[in-house]
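Undergrad: Pasting a structure below so you can have a look.
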Amino acid sequence: MVQDLELIQEQQGNSSSHGSWDPPLHNKSVDSTNRRESKSKSHDGCLDMNMYLELEKNEQIMFDRTLIQIIGDQLPWQVKSAILSTLTIIIEKGGMALKPFLLQPQTTFVKFLQDNPRSVHSSAALALGKLSALSTRVDPLVGGLLSNLHASEGGVREAILVALKGVVKHVGKSVSGPAKTHVFDLSNELIYNDDDQIQSSSTRILGIISEV
């Protein structure tokens, strides 16, 4: 900004000695982008969720793909959690417009179910449950979650159960009979787990899977 002002002042100085001064052309595209970028951050640098709710659907798709590309292991857990929460809002807002882009977000959400910070794997679980409502091929997702469930423990296992509950809740009718049986059997085992949260999530899954 300071450099821009200095440039304008220099141009104005030149105009006084060489004739009239023509103001720089106004780039509406750049100005629009700058406004969106300034609105995308609050005064403390956090993501502004309201900004995404104001976007057109084609912009939601663009931002969804951009956020998926920038999220990675190197980011602080607070940033990862914020991005995942923002993606959940975009999924709710964008709906079926995001259907062509399901694979990459789904892979990302499954990956971050394994992240240790609770806020990260909990946000990933919620996002995955919402995303599953747009999916037409549910069995591979359910199979992957069940495999990860066997190999996990503690908070990660709890997050996977929350994600599985979301999948069964949103698209339980699209899950095949054998997959439903596998979900039922494993959930039935986990209701006797020592962890109260795992017991609770498993009980909820059993209630949902029995009704679909």
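Undergrad: Take every Cα pair under 8 Å in segment 86-136 that's 6+ residues apart, average their separations, divide by the length, and report that relative contact order as a whole percent.
TA: About 47 percent, as a whole number.
Undergrad: Can you give me the relative contact order of segment 55-198 as a percent, contacts being Cα pairs under 8 Å and 6 or more apart?
TA: Relative contact order comes out at 22 percent.
Undergrad: Mind listing the phi-derived Karplus ³J(HN,Hα) values for segment 97-114, rounded to whole Hz, using 6.51, -1.76 and 1.60 with θ = phi - 60°, and x for any glycine or proline?
TA: Whole-Hz 3J(HN,Hα) from phi for segment 97-114: 5, 8, 4, x, 10, 6, 4, 5, x, 4, 4, 5, 5, 4, 4, 7, 5, 8.
Undergrad: To continue, here is another question. Can you tell me the Rg and the Dmax, both Å, for the Cα atoms in segment 82-155?
TA: 12.1, 35
Undergrad: Next question, about the same structure. Measure of size requested: the Rg and Dmax of segment 102-212, with Cα atoms as the atom set and Å as the unit; please supply both.
TA: Over segment 102-212's Cα set, Rg and Dmax evaluate to 12.5, 35 Å.
Undergrad: Now a separate question. Ordered by residue, what ³J(HN,Hα) values in Hz, to whole numbers, does segment 185-200 give under the Karplus form 6.51 cos²θ - 1.76 cosθ + 1.60, where θ = phi - 60° and Gly and Pro are x?
TA: Values, residue by residue: 5, 5, 5, 5, 5, 6, 5, 9, 5, 6, 7, 4, 5, 5, 4, 5 Hz.
Undergrad: If we count every other residue with Cβ under 14 angstrom of ALA124's Cβ, Lys/Arg +1 and Asp/Glu -1, where does the sum land?
TA: +3
Undergrad: On to the next question. Convert each backbone phi in segment 164-175 into a coupling constant with the Karplus relation 6.51 cos²θ - 1.76 cosθ + 1.60 (shift: θ = phi - 60°), then list the ³J(HN,Hα) values in order as whole Hz, x for Gly and Pro.
TA: My calculation for segment 164-175 gives 5, 4, x, 5, 5, 5, 7, 9, x, 5, 8, 7 Hz in order.
Read the figures in this text as sums done on the coordinates, not as results from a lab. Quick caveat, the model's predicted, so the values are computed rather than measured. With ideal geometry, Cβ positions are generated from the backbone for all residues, glycine too; neighbour counts draw on all protein chains shown.
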